[in-house]
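Remarks on the structure that follows.
The values are calculated or read from the model by the stated rules, or taken from the named source; none is laboratory data. All values reported here derive from a predicted model rather than from experimental measurement. Positions of Cβ are backbone-derived with ideal geometry, glycine not excepted, and every protein chain shown enters the neighbour counts.
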Number of protein chains: 4
Amino acid sequence: MSRPRSDEKRTAILEAATRIIVLQGLGAPTAGIAKEAGVANGSLFTYFETKTELFNHLYLAIKSEMAAAILNNYPAGAESRDEFFHVWRNWMDWALANPHKRKALAQLGVSDEIAAETRMAGHTMMMPIVEMLERARARGAMQTAPKGFVVALMNSVAEATIDFMAQDPEHAQKHSALGFDALWRMLS
Amino acid sequence: MSRPRSDEKRTAILEAATRIIVLQGLGAPTAGIAKEAGVANGSLFTYFETKTELFNHLYLAIKSEMAAAILNNYPAGAESRDEFFHVWRNWMDWALANPHKRKALAQLGVSDEIAAETRMAGHTMMMPIVEMLERARARGAMQTAPKGFVVALMNSVAEATIDFMAQDPEHAQKHSALGFDALWRMLS
Amino acid sequence: MSRPRSDEKRTAILEAATRIIVLQGLGAPTAGIAKEAGVANGSLFTYFETKTELFNHLYLAIKSEMAAAILNNYPAGAESRDEFFHVWRNWMDWALANPHKRKALAQLGVSDEIAAETRMAGHTMMMPIVEMLERARARGAMQTAPKGFVVALMNSVAEATIDFMAQDPEHAQKHSALGFDALWRMLS
Amino acid sequence: MSRPRSDEKRTAILEAATRIIVLQGLGAPTAGIAKEAGVANGSLFTYFETKTELFNHLYLAIKSEMAAAILNNYPAGAESRDEFFHVWRNWMDWALANPHKRKALAQLGVSDEIAAETRMAGHTMMMPIVEMLERARARGAMQTAPKGFVVALMNSVAEATIDFMAQDPEHAQKHSALGFDALWRMLS
DNA sequence: CATGAATGAGTGTTCATTCAT
DNA sequence: AATGAATGAACACTCATTCAT
């Protein structure tokens, strides 16, 4: 009956927000995001009721895309280390291929605009990875450590590795392997 | 640049800024910081020309306090692992004793208000620690890795450990040991 | 101007506007009026070109309904006072039975959105009442006063009376009589 | 120590608001009011926290000025009718001399921005007048009517009279007398 | 130097109206 | 004709910074 709400436009807004956040931070005017997305100022608010809601949706969208990429072609049943390395490689690949999304996600993750529930939902998407990590550390030195602590360590090693790969892309593979080995040593 | 009279007021502003940033983020109004510091709104700008300058000074102030704390009573000449653990313990102690400063520092570190030079100066203060790290990894698995990478890993493991200690203070010592061991395993 | 199809919808919009104006004032969004009327946002504008036009139509619609109610069963030829009291009673009855319409009319009457012509048309509908008033004051103390002045006094006494009846409905009849007597004394 | 808040500016804003409200209604932008007052956009908000607060203050300011004017040189102890007429004349004089204030007050009085407490405070200022009215009607036909009703009638007759005086200023005195006589007849 | 009022650019959001479907 | 998405001007209010006192 009427012009249907366009998924294209919604996506355009999310992508524009990603780009703008990288360039200008979370304080960037919504007007700028709308312009970058090629829609009118007010249209942004037919797709997302507030700026905060837009940010929460963007956070989840990127996080779930990332989780899906990480879990792509997951080799269930392989040896623990190989299984883990497959995931690690997917992780690094996605991060390198999507530097904007990664940067935006980092900014969003640090912001207090992101609701607790949104973060929770994001964690849920990473669950399979966390379970894999659980199996990997089951017999090593960290078997008694709290789960959350191991997850935090994995995340921070991954982030550090990615940072370094991104700023020295020529030796990306080498850094990836170094990071993974370091993590594996930590868990062993 | 002539120094304004009262060092007390300068300090009060920096401390107020720390508290306010923790509560309200970097977007907090300067008026609020001034009020918390017990000075007038406009006085803030006789001590720091702009909000950005205030933030850069605060970043450096906290960072150097932290570095000094970490290096306190540095046992030059001790065994590598003990030497390192002393530093690690100082690091964790300072972080637990100064949660506000740590949180503010985290926010500042992520912000794009902090100039490259400020970050560099911050790194400089950490130099002795980095050198110690260099000695520690000299014969281990990471001996060929670029220096910056190892530093990044150390930082991120430390941060993850602190996060976990802070949210579960009862087992702080245990987490500290776990974190240190994990890091040491990484370097070995 | 071709009449849009459905008189029902037109009426629904006018009635919705009445209710919404009472609740939210003239600043109420057209979207809200449309929703209350059960039509789409944009449909409102096929029935009334602008919000202002809607308001002008609503003003006239209520005013003419009121005038018709007041003149209902007009007892032509009766004694002056009885004739007048019949009108007065109709007036009060309508106002009490239609508090929303009265409130909306009050708001509209005060607004500068209502065009001079609309007001004039409204006055025209009250003409028979005014003529009756003219006969009633023909021999009293107000016989030399300008017509408009007497009309204004009648209106304001009526409004005051209605206000009071509405906020104290138990003694409505008493207030009605008091108001009428007061008005009659004024005219005598 | 610092530039003191200026009563002149506060007054300028209130007067500007009066003028702008008459011309453009209550929907007028605060920016316009500030400009008319010769102050910056934001300065308006150092004197009045919100637009609504400005309107409430303006309402009270005008109302109390009006009450003071009405009670000016109040001839305590005079004959009831003379006493009342003195008040009535003051009322009419003030209204004619301050048409803008009267119009603005009318708009404000009708608006739902004006808080109940503000209205109450306004009524308080009119108290002495109401008491005088009470004495005036003590032995007349309206002696049994509720106080509020009589007050409402007085107000509405006064308003109607003023309206008519304003739109036909040449015969202002005549209308004033007619209105007063009508009111007096009502009370007798 | 201290104070806090003054400034005015900047921002998220609303909403009457238009228009594609 | 009906729908509701699209548009963009408008607006109250904030806030870093300046400046009169």
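A:GLY38 passes all but one of (1) at negative phi; (2) at pLDDT 95 or above; which number fails?
(1)
Run D:SER2 past the list (1) away from DNA strand F (no atom under 13 Å from the Cβ); (2) outside any helix (DSSP H, G or I) and report the number of the one that doesn't hold.
Only one criterion is unmet by D:SER2, namely (1).
Only one of (1) at the interface with chain C (Cβ under 9 Å from one of its Cβ atoms); (2) assigned to a helix (DSSP H, G or I) fails for D:ASP112. Which number is that?
Condition not satisfied by D:ASP112: (2).
Go through C:SER6, C:SER80 for me and flag whichever is more than 27 Å from C:MET127 (Cβ to Cβ) and away from DNA strand E (no atom under 16 Å from the Cβ). Spell out the reasoning first.
On the way: C:SER80 fails: more than 27 Å from C:MET127 (Cβ to Cβ).
On inspection, the qualifying residue turns out to be C:SER6.
Could you figure out which of (1) touching a Gly at 6+ places or on another chain (Cβ under 6 Å); (2) under 28 Å from B:LEU187 (Cβ atoms) isn't true of B:ILE20?
Exception for B:ILE20: condition (2).
Does the range D:42-53 contain at least one residue that is at pLDDT 95 or above, within 11 Å of DNA strand F (Cβ to nearest atom), of a type in the set (Gly, Ala, Ser) and farther than 28 Å from D:ARG185 by Cα?
yes
Report yes if some residue within the range A:136-156 is facing chain B (nearest Cβ under 9 Å) and more than 23 Å from B:ALA177 (Cα to Cα); otherwise report no.
No - not one qualifying residue is present in the range A:136-156.
Given the condition surrounded by 15 or more Cβ atoms within 10 Å (Cβ to Cβ), assigned to a loop (DSSP other than H, G, I, E, B), away from DNA strand F (no atom under 16 Å from the Cβ) and within 13 Å of the chain's Cα centre (by Cα), answer yes or no: does some residue in the range A:88-98 qualify? Even if it seems obvious, please write down each step before you answer.
In the first step, residues of the range A:88-98 are kept if they are surrounded by 15 or more Cβ atoms within 10 Å (Cβ to Cβ); the result is A:88-96, A:98.
Then drop every residue that is not assigned to a loop (DSSP other than H, G, I, E, B), which leaves A:98.
The next check asks that each one be away from DNA strand F (no atom under 16 Å from the Cβ); those that pass are A:98.
Narrowing further to those that are within 13 Å of the chain's Cα centre (by Cα): A:98.
Yes, there is a match, as at least one residue in the range A:88-98 is surrounded by 15 or more Cβ atoms within 10 Å (Cβ to Cβ), assigned to a loop (DSSP other than H, G, I, E, B), away from DNA strand F (no atom under 16 Å from the Cβ) and within 13 Å of the chain's Cα centre (by Cα).
Are there any pairs, at least 6 apart or on different chains, whose C-beta atoms fall under 7 Å, with the first in the range B:16-33 and under 19 Å from A:SER111 (Cβ atoms) and within 11 Å of chain A (Cβ to nearest Cβ) and the second among the polar types (S, T, N, Q) and part of a helix (DSSP H, G or I), and if so, which?
B:GLY25/B:GLN107; B:LEU26/B:GLN107
Considering only residues that are touching a helix residue (DSSP H, G or I) at 6+ places or on another chain (Cβ under 6 Å) and within 11 Å of DNA strand E (Cβ to nearest atom), look in the range B:43-59 and name the one that is nearest to the other protein chains (Cβ to nearest Cβ).
Among residues in the range B:43-59 that are touching a helix residue (DSSP H, G or I) at 6+ places or on another chain (Cβ under 6 Å) and within 11 Å of DNA strand E (Cβ to nearest atom), the one nearest to the other protein chains (Cβ to nearest Cβ) is B:LEU44.
Can you name every residue in the range C:160-178 that is within 11 Å of chain D (Cβ to nearest Cβ) and either without any contact (Cβ under 8 Å) to a residue 40 or more places away in the chain or of a type in the set (Val, Ile, Thr) (or both)?
Within the range C:160-178, C:ALA160, C:THR161, C:ILE162, C:ASP163, C:PHE164, C:GLN167, C:ASP168, C:HIS171, C:LYS174, C:HIS175, C:ALA177, C:LEU178 meet the criteria.
Do we find that D:GLY122 is part of a helix (DSSP H, G or I), at pLDDT 95 or above, under 25 Å from C:ALA166 (Cα atoms) and touching a Phe, Trp or Tyr at 6+ places or on another chain (Cβ under 8 Å) in this structure? Quick ask: steps written out before the conclusion?
Working: part of a helix (DSSP H, G or I): yes; at pLDDT 95 or above: yes; under 25 Å from C:ALA166 (Cα atoms): yes; touching a Phe, Trp or Tyr at 6+ places or on another chain (Cβ under 8 Å): yes.
Yes; evaluated as a whole, the condition is true for this residue.
Identify, by number, the condition in (1) surrounded by 15 or more Cβ atoms within 10 Å (Cβ to Cβ); (2) over 16 Å from the mean Cα position of the chain (by Cα); (3) under 28 Å from A:VAL151 (Cα atoms); (4) within 16 Å of DNA strand F (Cβ to nearest atom) that A:GLU83 doesn't meet.
(4)
Conditions tested, residue by residue: (1) at positive phi; (2) acidic (Asp, Glu); (3) within 19 Å of the chain's Cα centre (by Cα); (4) surrounded by fewer than 16 Cβ atoms within 10 Å (Cβ to Cβ).
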site	(1), (2), (3), (4)
D:PRO128	no, no, yes, yes
D:LEU133	no, no, yes, no
D:THR144	no, no, no, yes
D:VAL151	no, no, yes, no
D:ALA158	no, no, yes, no
D:GLN173	no, no, no, yes
D:SER176	no, no, yes, no
D:PHE180	no, no, yes, no
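Which of the following residues is charged (D, E, K, R) and within 23 Å of D:MET154 (Cβ to Cβ): C:ARG119, C:ARG102? Before the answer, list the steps.
Values: C:ARG119 fails: within 23 Å of D:MET154 (Cβ to Cβ).
On inspection, the qualifying residue turns out to be C:ARG102.
Looking only at the range D:2-24, which residues are surrounded by 16 or more Cβ atoms within 10 Å (Cβ to Cβ) and either in contact with a helix residue (DSSP H, G or I) (Cβ under 7 Å, 6 or more places away or on another chain) or farther than 15 Å from D:PRO99 by Cβ (or both)?
D:LYS9, D:ARG10, D:ALA12, D:ILE13, D:LEU14, D:ALA16, D:ALA17, D:THR18, D:ARG19, D:ILE20, D:ILE21, D:VAL22
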